[in-house]
Amino acid sequence: MNLEMLVKPNFFSNLPKITGILFLVLIVILLVFSTPGSTIFEMAKTQSLPTAKGMTFWIRYGILGDSFIFLTEIVIAACLFQLFRHFPSPLPAIVSFSRLGMATIQGVNLFLPLISLYLMTNAPLIEKLGDDRIRDWLDVLKQGHAYGVYLSQIFLGLSLLALGYLVVVSGVMPSLFGYLLYLASFGYFFDTFRKIFVLDNKIISAITAVLLIGSSIGEIAFAIRLIIKGIEQI
């Protein structure tokens, strides 16, 4: 029997639900695991160097969380492409490739907390360079990690923008969900560019907070819709 006949009826009929569940799993991972860059820097400021083994466990825990995130993003990108592959437009490829670009940056970005972990636990190097110099390097690596996150958000914003447009024009689900994805996209773009152009004041911070909350609502609503109703055939 053809392998495609075995797989397609069972797997692809449930693909919308699987994709929605992966979106929610991603959110849970973000909530459960801490951000390695921030965690390492805060520990470096308060703990003596080299860092104790008990503390390095939590740093590795955060790095593991980021690993789960970018691996899940790769699977989501593939699922989204499969869902919209019949749409006669380059948009499904933009949705997926942008998300893959984000996952690539997230994977490369893991090198920075790993290097930080090495600096914090290498006693001979700490003795040679001194605590202050190591902490300076940790600060640089922390900032580099943060900017990597902001760069990845540009790719995520593009992916959500294209996905929102697909939802609106294809009719696979009510247009409301597409507009919510537009909101999510704008939230990520705004958060990134406010950092690039150093737009920090109370009003901008408040707008950013509202938009990022809107981003979460948009993605969660889209995920729940996929799980409950799926999508209409294109």
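The values are calculated or read from the model by the stated rules, or taken from the named source; none is laboratory data. Since we're looking at a predicted model, the values are computed, not measured. As a convention, Cβ positions derive from the backbone with ideal geometry for all residues, glycine included, and neighbour counts pool all protein chains shown. Surface areas here come from the heavy atoms of the whole protein model, side chains and all, with no ligands, DNA or RNA. Shrake-Rupley method; radii C 1.70, N 1.55, O 1.52, S 1.80 Å.
Only one residue in Ala103, Ala123, Ala146, Ala93 is small (Gly, Ala, Ser) and farther than 30 Å from Phe190 by Cβ. Which one?
On inspection, the qualifying residue turns out to be Ala123.
When the stretch 99-121 is examined, which residues are found to be open to solvent by 10 Å² or more (accessible area, probe 1.4 Å) and either among the small types (Gly, Ala, Ser) or over 30 Å from Phe84 (Cβ atoms) (or both)?
Within the stretch 99-121, the first condition is being open to solvent by 10 Å² or more (accessible area, probe 1.4 Å), and the residues that meet it are 100-101, 104-112, 114-115, 117-119, 121.
Within the stretch 99-121, Gly101, Gly107, Phe111, Leu112, Leu114, Ile115, Leu117, Tyr118, Leu119, Thr121 qualify.
When you check Leu199 against the structure, is it surrounded by 18 or more Cβ atoms within 10 Å (Cβ to Cβ) and out of contact with any His (no Cβ under 8 Å at 6 or more places or on another chain), yes or no?
no
For the stretch 151-203, give me each residue that is assigned to a loop (DSSP other than H, G, I, E, B) and either out of contact with any Asp or Glu (no Cβ under 8 Å at 6 or more places or on another chain) or not aliphatic (A, V, I, L, M) (or both).
If the condition is that a residue be assigned to a loop (DSSP other than H, G, I, E, B) and either out of contact with any Asp or Glu (no Cβ under 8 Å at 6 or more places or on another chain) or not aliphatic (A, V, I, L, M) (or both), then Gly171, Pro174, Phe197, Val198, Leu199, Asp200, Asn201 are the ones that fit.
Looking only at the stretch 205-234, count every residue that is in contact with a helix residue (DSSP H, G or I) (Cβ under 8 Å, 6 or more places away or on another chain), over 21 Å from Ser152 (Cβ atoms) and open to solvent by less than 60 Å² (accessible area, probe 1.4 Å) and tell me the total.
Number satisfying all stated conditions: 6.
Regarding the stretch 6-23, can at least one residue be identified that is among the basic types (Lys, Arg), modelled with pLDDT of 75 or more, surrounded by fewer than 16 Cβ atoms within 10 Å (Cβ to Cβ) and under 21 Å from Ala103 (Cα atoms)? Walk me through it before giving the result.
Keep residues of the stretch 6-23 that are among the basic types (Lys, Arg), which gives 8, 17.
Next, only the ones that are modelled with pLDDT of 75 or more stay: 17.
Narrowing the set further to residues that are surrounded by fewer than 16 Cβ atoms within 10 Å (Cβ to Cβ) leaves 17.
Adding the requirement that they be under 21 Å from Ala103 (Cα atoms) leaves none.
Within the stretch 6-23, not a single residue is among the basic types (Lys, Arg), modelled with pLDDT of 75 or more, surrounded by fewer than 16 Cβ atoms within 10 Å (Cβ to Cβ) and under 21 Å from Ala103 (Cα atoms).
For Val95, all conditions in the list (1) open to solvent by 10 Å² or more (accessible area, probe 1.4 Å); (2) touching a residue at least 40 places away in the same chain (Cβ under 8 Å) hold save one; what is the number of the exception?
All conditions are met except number (1).
Report, by residue number, each residue of the stretch 122-166 that is open to solvent by less than 60 Å² (accessible area, probe 1.4 Å), more than 23 Å from Ala77 (Cβ to Cβ) and among the polar types (S, T, N, Q).
Asn122
If you go through the stretch 38-51, how many residues are under 15 Å from Trp137 (Cα atoms) and at pLDDT 70 or above?
Total satisfying the criteria: 2.
Looking at the stretch 78-90, can you tell me whether even one residue there is without any contact (Cβ under 8 Å) to a residue 40 or more places away in the chain and open to solvent by less than 30 Å² (accessible area, probe 1.4 Å)?
no
If Asp131 passes every condition in (1) at pLDDT 85 or above; (2) touching a Leu at 6+ places or on another chain (Cβ under 8 Å) but one, which one does it miss?
(1)
Looking at the stretch 97-139 only, could you name the residues that are outside any helix (DSSP H, G or I) and within 19 Å of Ile63 (Cα to Cα)? Steps first, please.
Of all residues in the stretch 97-139, those outside any helix (DSSP H, G or I) come to 110, 122, 130.
Correct list: Leu110, Asn122.
Does the stretch 56-69 hold any residues that are without any contact (Cβ under 8 Å) to a residue 40 or more places away in the chain and under 30 Å from Asn14 (Cα atoms), and which are they?
Passing the criteria: Leu64, Gly65, Phe68.
Is there a residue being of a type in the set (A, V, I, L, M, F, W, C) and at pLDDT below 65 anywhere in the stretch 52-66?
Within the stretch 52-66, the first condition is being of a type in the set (A, V, I, L, M, F, W, C), and the residues that meet it are 52, 55, 57-59, 63-64.
After this cut, where a residue has to be at pLDDT below 65 as well, the list is 52.
Yes, the stretch 52-66 has at least one match.
Which ones in the stretch 104-120 are at pLDDT 90 or above and among the hydroxyl-bearing types (Ser, Thr, Tyr)?
Thr104 - this is the single residue of the stretch 104-120 that is at pLDDT 90 or above and among the hydroxyl-bearing types (Ser, Thr, Tyr).
Answer yes if at least one residue in the stretch 140-147 is in contact with a Gly (Cβ under 7 Å, 6 or more places away or on another chain), aliphatic (A, V, I, L, M), closer than 15 Å to Arg225 by Cβ and assigned to a helix (DSSP H, G or I), and no otherwise.
The answer is no; no qualifying residue exists.
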